[in-house]
1. Tally up the residues in segment 1-46 that are loosely packed, with under 11 Cβ neighbours inside 10 Å and not in a helix (DSSP H, G or I), please.
2. So the check is Cβ under 7 Å with 6+ separation or different chains; which pairs have a first residue in segment 21-48 that's touching a residue at least 12 places away in the same chain (Cβ under 8 Å) and a second one that's in a helix (DSSP H, G or I) and among the basic types (Lys, Arg)?
3. Yes or no: segment 22-36 includes at least one residue that is at pLDDT below 90, under 11 Å from the mean Cα position of the chain (by Cα) and among the hydroxyl-bearing types (Ser, Thr, Tyr).
Amino acid sequence: MLVSWEIWKKRHNRVFKREEATMQGPVNCITEEILFWCTCVIMPLKNHARLAGAKDDNASTNATTII
């Protein structure tokens, strides 16, 4: 979904705002967005699952399996 969204935004800007577009632009945006999600969303969830595991081993296993 992220790739489709970035391509749509770049196409929209090219068609309606007459912005120049290169292939590197969307690739950079997608890479930055993936890094953002990994850092801000996925890693805290893993840390939360690890901390929950300190209280209950089954909770840690279940949370890690979901992620």
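The values are calculated or read from the model by the stated rules, or taken from the named source; none is laboratory data. Predicted model, so just to flag it, every value in this text is computed and none were measured. Counting neighbours? That spans all protein chains shown, and the Cβs are built from the backbone with ideal geometry, glycine included.
1. 6
2. What qualifies is Gly25/Lys10; Pro26/Lys10.
3. no
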